[in-house]
Amino acid sequence: MATTALAQTQQAGELSDTDAAFQELVEKCDNVDMLVLRGRIRLQQGRVPAETADASQKLMEEGFTLCGQGEEAKGTAKLEESLTLIEAKASEILDAKIAAQENPQPEPEPAASEGEAARPWWQFW
């Protein structure tokens, strides 16, 4: 299941040293704006299909690689692209769910037997 793989990648449900993981990330790139963008992207990853989450993750990793190489502007642009991608997909999914609730499909009426169809509804005998 895709969410299980994502949870394992994020070390969800495990006792892990999150301070050490975050410190390692900060050592590579200490741009606070990029760290905030990373947080926003990670919040949306569970709301989209695995393909979109993977594409977004790759863009995010590329952004932090660029930041580690000293190209913070290009790295920030990659993270913004990742956020735009994931937010667009999440919005599309939400819009589809809202549309489905606003326009429910009518339930088909049960088929009446031949004898019942000939009589009006008030004649039940």
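Points worth noting:
- For region 66-82, a residue qualifies if it is assigned to a helix (DSSP H, G or I), open to solvent by 20 Å² or more (accessible area, probe 1.4 Å) and polar (S, T, N, Q), and exactly one does: Thr76.
- Test for Phe22: is it modelled with pLDDT under 75, assigned to a helix (DSSP H, G or I) and either of a type in the set (A, V, I, L, M, F, W, C) or touching a helix residue (DSSP H, G or I) at 6+ places or on another chain (Cβ under 6 Å) (or both): yes
- Test: Gly63 is touching a Phe, Trp or Tyr at 6+ places or on another chain (Cβ under 7 Å), surrounded by 16 or more Cβ atoms within 10 Å (Cβ to Cβ) and at pLDDT 90 or above: no
- Test set (1) under 30 Å from Ala96 (Cβ atoms); (2) exposed (fewer than 11 other Cβ atoms within 10 Å of the Cβ); (3) of a type in the set (Asp, Glu) - Asp54 fails condition number: (2)
- First in region 26-39 and on the phi > 0 side of the Ramachandran plot and assigned to a helix (DSSP H, G or I), second anywhere and of a type in the set (Lys, Arg) and open to solvent by 60 Å² or more (accessible area, probe 1.4 Å), Cβ under 8 Å, 6 or more apart: none
The values are calculated or read from the model by the stated rules, or taken from the named source; none is laboratory data. Keep in mind it's a predicted model, so treat the numbers as computed, not measured. Ideal geometry is used to build each Cβ from the backbone, glycine not excepted, and the neighbour counts take in all protein chains shown. For the accessible areas, the whole protein counts, side chains as well, though only heavy atoms, and no ligand, DNA or RNA atoms are used. Shrake-Rupley method; radii C 1.70, N 1.55, O 1.52, S 1.80 Å.
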